[in-house]
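Worksheet for the structure shown next.
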Amino acid sequence: MSNARSVAAIGGFWTFLGVSGQNAIRLVSTLILTRLLAPEIFGLMSLALVVMTGLRLFSDFGIIPAIVRSPRGEEVSFLQTAWTVKCIRGVGIAVVACLVAWPASKLYEEPVLFPVICALSLTAIIGGFTSISIGTCKRQIALRQITLMEIFAQVLTTAATILMSWLIESVWALVIGSIAGSIFQLILSYTMLPSFPHKFRLEKEALAEIVKFGRWIMIGTIMTFIGGNGNIIFIGYLLTITELGFFTIARTLSGAFAEIVNRILNNVAFPMFSSAARKSHADMVRAVGKVNLIVIFGAVPMFILLSICGQFIVDLLYDPRYAIAGSYLKISALNGAIGVISMPVQNAMLALGKSKQHAFVMFASAIFRIIGLFIGYYLWGTLGVLVGIGVGNTLTYMLSLSIGERYNVNRFWRNIWVPLLIMPLYVYAF
């Protein structure tokens with residue numbers, strides 16, 4: 001047990017270091033780019049990226065989680081099959097992206113979206129061929145090499161993006177930077193991670209296991225996208241392209257904290273829960289309880305502090321054109337606080353193999369958030385969109401607790417006090 005704790009602690013350290021480092025680099029990049037590029041360029045890029053992200057999630061078979069969870073997760077035939085599926089999926093995403101690019105440009109009345117999305121489709125192909133060793137490292141919670149690879153790739157990507165922004169000052173600078181980043185990630189995945197005999201292979205049994213586990217993962221990630229980043233599809237109708245740019249800046253800042261929590265849970269807690277579940281249910285429940293307390297008393301206060309200091313942070317870091325993003329950030333940070341507290345329960349469901357129940361929660365979450373953002377907009381305008389998303393996050397957390405209690409993972413009434421404590425802060429933020 002002590003060895004498992006040591007591995008988890010080391011994995012948590014490297015994950016925290018990696019995500020913090022990447023977000024620090026991303027923050028510096030954003031500060032420089034906002035001085036080189038106009039707000040509407042970020043809005044355009046957000047629309048293009050939401051299309052690409054949506055296609056990736058709409059075809060997500062949970063390949064990496066399948067490697068982490070499966071008893072065969074270290075067999076060569078299983079890993080080669082997983083890599084082959086990943087490569088095929090990347091090519092498929094690129095083809096579909098090119099097909100939807102023109103309708104998307106017409107839908108948002110932004111002609112430049114057509115060539116931008118077509119160009120970004122290259123990132124899907126490149127990403128599909130990255131080394132499958134990423135999955136085995138995550139299974140073993142051996143995260144040092146992954147962390148170093150990601151930080152190095154982030155530095156190179158940021159340098160390329162800033163250089164192109166200085167040269168051309170258009171949305172194409174961000175597009176070229178994204179493609180360059182995918183190429184860097186591909187090269188580094190083969191040079192910095194453990195070697196593996198990559199070969200195209202589709203073993204029937206391995207493919208069946210991946211598809212069986214992944215079909216509900218795919219539905220769950222689709223719903224996660226629609227209720228999360230996919231909100232931009234709907235928000236793009238409600239806000240101007242400039243307001244969408246401000247929204248993107250706020251989401252980038254608050255999302256940095258959420259990404260740290262999410263990565264640690266996915267890279268450390270999920271493998272730890274899966275390992276504990278293979279031993280006994282009681283071991284897993286104890287692990288979930290400890291992680292839940294860390295999230296509540298460690299992560300949530302950071303979001304609250306970010307909300308309180310939101311306007312000051314934006315005024316300090318950005319030029320006056322972006323000042324209004326501070327109001328967005330104050331509410332977005334509170335949404336992040338409520339969002340992260342449901343993550344331990346969701347990871348526990350996946351560790352138990354309850355991907356169907358996980359998908360159901362994500363479906364409900366998407367519905368809650370979409371309805372919430374529309375109602376919020378018509379009641380309170382632009383900031384009401386964010387308040388509505390926060391209400392959706394709260395309902396999602398309550399549903400997660402209910403399902404978690406059904407499988408004896410948590411107790412509903414012991415945890416419901418957390419969002420009730422956060423809710424009054426929306427009055428201050430609004």
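Looking at the range 92-146, I'd like the Rg to Rh ratio, where Rg is from alpha-carbon atoms and Rh is Kirkwood's inverse mean 1/r.
Working: Rg = 16.3 Å, Rh = 13.1 Å.
Rounded to two decimals, Rg/Rh equals 1.25.
For the chain, how many pairs of lysine residues have a Cα-Cα distance under 28 Å, where the two are 8 or more positions apart or belong to different chains?
Summing the qualifying lysine pairs gives 25.
Through the Karplus equation 6.51 cos²θ - 1.76 cosθ + 1.60, θ set to phi - 60°, convert the phi angles of the range 153-159 into ³J(HN,Hα) values in whole Hz; use x for Gly and Pro.
4, 5, 4, 5, 5, 4, 4
Once all Cα-Cα distances of the range 261-414 are split into 5 Å bins that start at 0, what whole-number percent is in each one?
All Cα pairs, binned at 5 Å, distribute as 2, 10, 16, 18, 18, 14, 10, 7, 4, 2, 0, 0 percent.
What fraction of the Cα pairs in the range 373-430, stated in percent, has a spacing above 17 angstrom? Could the numbers behind the result be given before it?
Details: 763 of 1653 pairs.
I get 46 percent for the Cα pairs in the range 373-430 exceeding 17 Å.
Can you give me the Rg/Rh ratio for the range 56-131, using Cα atoms for both radii and the Kirkwood formula for Rh? The partial results should precede the final answer.
Details: Rg = 15.5 Å, Rh = 13.7 Å.
When Rh is taken as the Kirkwood radius, the ratio is 1.13.
Write down the Kirkwood hydrodynamic radius of the range 157-212, to one decimal in angstroms, obtained as one divided by the mean of 1/r over all alpha carbon pairs. Walk me through the numbers on the way to the answer.
Values: mean 1/r = 0.0709 Å⁻¹.
Computed over Cα pairs of the range 157-212, the Kirkwood hydrodynamic radius comes out at 14.1 Å.
Hey, what's the range 36-121 come to in accessible area per residue, 1.4 Å probe, Å²? Numbers along the way, then the final one.
Values: 3230 Å² over 86 residues.
On a per-residue basis, 38 Å².
Can you give me the % of accessible surface on the chain that is carbon or sulfur? Probe 1.4 Å, all protein chains present, nothing else counted. Write out the running numbers ahead of the final one.
Working: 12920 of 18370 Å².
Roughly 70 percent of what the probe reaches on the chain is carbon or sulfur.
Given points 7 Å out from each Cα along the Cα-Cβ axis, report the Tyr428 to Lys212 separation in nanometres with one decimal.
5.1 nm
Relative contact order for the range 232-362: what percent, with Cα pairs under 8 Å and sequence separation of 6 or more? All intermediate terms of the calculation are to be shown ahead of the outcome.
On the way: 121 pairs, mean separation 45.7, N = 131.
Reported as a whole number, the value is 35 percent.
Using only the alpha-carbon atoms of the range 18-144 as identical scatterers, what base-10 log of I(q)/I(0) does the Debye formula give at q = 0.10, 0.18, 0.21, 0.22 Å⁻¹?
-0.44, -1.04, -1.15, -1.18
Beta carbons within 10 angstrom, averaged per residue: use that to sort the peptides 278-288, 242-252, highest first. Spell out each step's value before the answer.
Values: 278-288: 15.6, 242-252: 22.3.
So the peptides 278-288, 242-252, ranked by packing, come out 242-252, 278-288.
Restricting things to alpha carbons, tell me how big the range 239-280 is in terms of Rg and Dmax, in Å.
According to the Cα coordinates of the range 239-280, Rg and Dmax are 17.0, 53 Å.
What whole-number value in cubic angstrom gives the convex hull volume per residue for the C-alpha atoms of the range 79-121?
Working: hull volume 2.3 nm³, N = 43.
Normalising the Cα hull of the range 79-121 by residue number yields 53 Å³.
Please give the Cα centre distance for the range 360-423 versus the range 309-357, rounded to the nearest Å.
First find each Cα centre; the distance between them is then 13 Å.
Need one number for the range 274-362: average projected area of the convex hull over its C-alpha atoms, nm². Walk me through the numbers before you get to the answer.
Details: hull surface 28.2 nm².
Answer in nm², one decimal: 7.1.
If packing is taken as the average number of other Cβ atoms within 10 Å across a peptide's residues, how do 90-103, 397-410 rank, most packed first? Display every interim value, and only then the final one.
On the way: 90-103: 17.1, 397-410: 19.0.
Listed from highest to lowest mean packing, they are 397-410, 90-103.
Using only the C-alpha atoms of the chain, find the volume of their convex hull and express it per residue in Å³. Walk me through the intermediate numbers first.
Numbers: hull volume 54.3 nm³, N = 430.
That works out to 126 Å³ per residue.
The values are calculated or read from the model by the stated rules, or taken from the named source; none is laboratory data. Given the structure is predicted, the values throughout are model-derived calculations rather than measurements. Cβ: placed from backbone, ideal geometry, glycine included. Neighbour counts: every protein chain shown. Surface areas here come from the heavy atoms of the whole protein model, side chains and all, with no ligands, DNA or RNA. Shrake-Rupley method; radii C 1.70, N 1.55, O 1.52, S 1.80 Å.
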